[in-house]
Amino acid sequence: MPTGVHGRSQIRRLSPFLMKRIIGLMSGTSADGVDVAVVDIRGSGLSTRFKLAAFNSVPYGRRIRQLILPYLDGQGISAAEISQLNFLIGDLFAEAVLEVCRRHRISLRTVDLIGSHGQTVYHQCVRSTFGGRQIASTLQLGEPAVIAERTGVTTISDFRARDVAAGGTGAPLVPYVDYLLLRNPAINRAALNIGGIANVTFIPKNVRLKGLLAFDTGPGNMMLDAAVAIQTKDKLRFDRNGALAARGRIIPSVLDQLLQHPFYRQRPPKAAGREQFGIQYTTEVLRLMRSAHIEDILATLVELTARTIVSALEHRGPTKHSIDQLIVSGGGARNNFLMSRLRALLPRTGVVTSNTVGIDLEAKEAIAFAILANETWHHHPANVPSVTGASRPVILGKVTSA
Ligand SMILES: Nc1ncnc2c1ncn2[C@@H]1O[C@H](COP(=O)(O)OP(=O)(O)O)[C@@H](O)[C@H]1O
Ligand SMILES: [Mg+2]
């Protein structure tokens, strides 16, 4: 039973059975902006029910993106910059909350909790020697003290650290929510989120939480965005609806070479980020296509995303089941050309967006962090050891009181 609730926003709702209003905040590896989902949640665990009250993605301005992206892409960063960036991103997350609440006339007094993922600036889930020890680590910035202070709402943050401390990869964490929301006794489902990186959760009809399988499949939109930005000298940020890629022709020799990247052959648990598929790698890849048209480059990269997703579905999933329904979310679900390639490569699977099952495709990950915050509040472990490799289920997140 949750206790110790402080702050003006939480006086009314102490019972776990009443509705709680929780704001989920997410910024993924695309670093395109802060996704803000205002979610009304009843119950917890397997009895979780939710309704999306409001959603907006508040873009990072160009200046902020230009400041942040090089760090995310592995440029060295000083302690001073980490500290400044942490408070800056906290400020941006808090402002995004204030803006979305203002836009939808939602009083912050009605908000019980914020669940903030933050912005990942470093994630190394494979242990390496540091200080004579084997260390894995992860760092999400966006100071929760700033968010709690500016919104007056208790903020749960840093969801990944505890799983890493328990020996896990710290990612992905959304599979727990996929299990709560999408399990279905009649059909074999898989949930696919196409953000900067693409990841899949397998939810066969007889699945149990303990046996859940999920992992990153490789690049989602990340290389596409980087290629568009480089080729258009930052005039375009992404290929809207996949319109350019749809006019292009795949360059088979390059595609074959890209498919050799060792990440695709690794067994799960595995997680990818800008370290593998960011600007640096994309710049190298573009050298292979120096004289090609942008349309052909994008067609080739869309095919890479589609093929690596399909190969993961076919070769790395639970072998007994074919997938009846693939539920796609994330910005990549808006790329019509990518969706048409997935449909073509998966003729026996119903490929739908998560809107079809009542989960706004853009809001899904932010909704997930609202639900994960609710689980933390109820002291429920929400990592899935079979997914992350952690030694045990642990309660995720840190609480900063209002
Ligand atoms: N209409 C669209 N057409 C094609 N791609 C889109 C569209 N809308 C969003 N995207 C892609 O989705 C990305 C953002 O996806 P998102 O789910 O926010 O990823 P992340 O979680 O990594 O931030 C954009 O950078 C862009 O590549
Ligand atoms: Mg995003």
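The values are calculated or read from the model by the stated rules, or taken from the named source; none is laboratory data. Just so it is clear, the structure is predicted and the values come from calculations on it, not from any experiment. With ideal geometry, Cβ positions are generated from the backbone for all residues, glycine too; neighbour counts draw on all protein chains shown. All accessible areas refer to the heavy atoms of the entire protein, side chains included, with ligands and DNA or RNA removed. Shrake-Rupley method; radii C 1.70, N 1.55, O 1.52, S 1.80 Å.
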* Residues of the stretch 120-237: accessible area per residue at 1.4 Å, in Å²? -> 38 Å²
* Asked: Using the Cα gyration tensor of the stretch 60-180, with a ≥ b ≥ c the square roots of its eigenvalues, what is the shape: rounded (a/c below 1.5), prolate (a/b larger than b/c) or oblate (neither)?
  -> oblate
* Give the value in nm², to one decimal: projected area of the alpha carbon convex hull of the stretch 166-253, averaged over all directions. => 8.9 nm²
* Just how far, in whole angstrom, is the stretch 154-187 from the stretch 361-384 if you go by their alpha carbon centroids? -> 7 Å
* Structure fact -> Taking the chain and counting helices only, DSSP H stretches of n ≥ 4 at -39,500 (n - 2.57) each over all residues, the nearest-500 ellipticity at 222 nm comes to -11000 deg cm²/dmol
* To do: Quick one: grab the alpha carbon gyration tensor of the stretch 309-385, order the square roots of its eigenvalues as a ≥ b ≥ c, and give me rounded if a/c is under 1.5, else prolate or oblate depending on whether a/b is larger than b/c.
  => oblate
* Can you give me the relative contact order of the chain as a percent, contacts being Cα pairs under 8 Å and 6 or more apart? -> 22 percent
* Structure fact -> Row for the stretch 161-201, column shape: gyration tensor on C-alpha, a ≥ b ≥ c, rounded if a/c < 1.5 i.e. under 1.5, prolate if a/b over b/c, else oblate; value oblate
* How do 167-177, 229-239, 371-381, 257-267 rank on mean C-beta neighbours within 10 Å, highest first? -> 167-177, 371-381, 229-239, 257-267
* Structure fact -> As a Kirkwood estimate from alpha-carbon pairs, the stretch 350-402 has a hydrodynamic radius in angstrom of 13.0 Å
* **the chain - percent of accessible surface contributed by carbon and sulfur, probe 1.4 Å** => 52 percent
* **Mean Cβ neighbour count within 10 Å, used as a protection proxy, ranking 197-203, 185-191 highest first** => 197-203, 185-191
* Asked: With point charges of +1 on the Cβ of Lys and Arg and -1 on the Cβ of Asp and Glu, referenced to the Cα centre of the chain, which listed residue (285, 333, 226) lies farthest in the positive direction of the dipole?
  -> 333
* Would you please put 327-333, 81-87 in order of how densely packed they are, using the mean number of other Cβ atoms within 10 angstrom per residue and starting with the highest? => 327-333, 81-87
* Based only on Cα atoms, what Rg/Rh ratio does the stretch 138-214 have, Rh being taken as Kirkwood's radius? -> 1.07
* Structure fact -> Length gained, residue 83-residue 336, 0.36 nm per residue minus C-alpha separation, equals 87.1 nm
* Which value, in Å² and to the nearest 10, is the accessible area of residue 256 when all protein chains are kept and the probe is 1.4 Å? -> 90 Å²
* Distance between modelled label sites at residue 379 and residue 98, nm, 7 Å Cα→Cβ extension -> 3.6 nm
* How many percent of DSSP beta bridges within the chain run antiparallel, rounded to 5? -> 70 percent
* Asked: Quick one: Karplus J couplings for the stretch 368-385, per residue in order, coefficients 6.51, -1.76, 1.60, θ = phi - 60°, nearest Hz, x for Gly and Pro?
  -> 4, 6, 5, 5, 5, 5, 4, 5, 4, 4, 8, 6, 9, x, 9, 7, 10, x
* To do: Rounded to whole Hz and in sequence order, give me ³J(HN,Hα) for the stretch 392-398 from the Karplus expression 6.51 cos²θ - 1.76 cosθ + 1.60, θ = phi - 60°, writing x for Gly and Pro.
  => 6, x, 10, 7, 8, x, 10
* **Per-selection Kirkwood Rh - the chain (Cα, Å, 1 d.p.)** => 21.4 Å
* Asked: Label residue 18 and residue 314 with points 7 Å out from Cα along Cα→Cβ: what is the distance between them in nm?
  -> 5.4 nm
* Asked: Could you give the semi-axes, largest first, of the ellipsoid that matches the stretch 225-375, computed as the square roots of 5 times the alpha carbon gyration tensor eigenvalues and rounded to whole Å?
  -> 26, 19, 17
* Please determine, in degrees from 0 to 90 and to the nearest 10, the orientation of helix 222-231 with respect to the longest principal axis defined by the Cα atoms of the chain, where the helix direction is its Cα long axis. => 60 degrees
* To do: Could you calculate the contour length gain from residue 255 to residue 324, that is, 0.36 nm times the residue separation minus the distance between their Cα atoms, to one decimal place in nm?
  => 22.1 nm
